[in-house]
Amino acid sequence: PFEFHATLTRLEDGLDTLHHSVDLLRERTGRGADDRNLILFETALAEIGSNVLIYTGKHGANGQPVEYELRLDAGTATASFTDQGPPLHNQLTRAMPAPTSEAGRGLAIARKVLDELGYKRDGEVNYWRLVKRL
């Protein structure tokens, strides 16, 4: 088993922390830099993590931390984010935007490469869950 916990507050540092956690997971499991499933998981993690950090900061929640956790158990990587940013409205089911669009791909990419992408809102708190069998 593997566990990593961090409190994220800024986009740049937060992304560095996300990538570092995957590097630690890679080291712990002996997986190479070319492990396709881990690359896909890290891509989804960066997409969702950056959105959470950007939107939590943009909507008056500056200084509000984002709690991040990464676990590996029985060959399945599970990441979670907990934040007090604005709620997500019907974005999980949105289709991939047109090739000429410059935004809106992150959630669609994450949905495609993960085994499970979950989101729920409870009161003023967002809960994200990303799952990938490695």
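The values are calculated or read from the model by the stated rules, or taken from the named source; none is laboratory data. This structure is a prediction, so every number in the text was calculated from the model and none was measured. Positions of Cβ are backbone-derived with ideal geometry, glycine not excepted, and every protein chain shown enters the neighbour counts. Note: areas computed on protein heavy atoms with side chains; ligands, DNA, RNA excluded. Shrake-Rupley method; radii C 1.70, N 1.55, O 1.52, S 1.80 Å.
Here are the numbers for this structure:
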{"quantity": "Candidates ALA77, ALA95, ALA44 - the one that is more than 21 Å from ASP122 (Cα to Cα), outside any helix (DSSP H, G or I) and either touching a Ser or Thr at 6+ places or on another chain (Cβ under 7 Å) or modelled with pLDDT of 85 or more (or both)", "calculated": "ALA77"}
{"quantity": "Which listed residue, of ASN51, ASN37, is touching a helix residue (DSSP H, G or I) at 6+ places or on another chain (Cβ under 6 Å), open to solvent by 30 Å² or more (accessible area, probe 1.4 Å) and among the polar types (S, T, N, Q)", "calculated": "ASN51"}
{"quantity": "Residue list for the stretch 105-117, restricted to those being assigned to a helix (DSSP H, G or I) and surrounded by 14 or more Cβ atoms within 10 Å (Cβ to Cβ)", "calculated": "GLY106, LEU107, ALA108, ILE109, ALA110, ARG111, VAL113"}
{"quantity": "Residue list for the stretch 118-133, restricted to those being crowded, with 17+ Cβ neighbours inside 10 Å and out of contact with any strand residue (DSSP E or B) (no Cβ under 6 Å at 6 or more places or on another chain)", "calculated": "none"}
{"quantity": "Every pair of residues 6+ apart whose Cβ atoms lie under 7 Å, when the first sits in the stretch 5-26 and is of a type in the set (Asp, Glu) while the second is in a helix (DSSP H, G or I) and open to solvent by 70 Å² or more (accessible area, probe 1.4 Å)", "calculated": "none"}
{"quantity": "The stretch 1-36: number of residues that are in contact with an Asp or Glu (Cβ under 6 Å, 6 or more places away or on another chain) and charged (D, E, K, R)", "calculated": "0"}
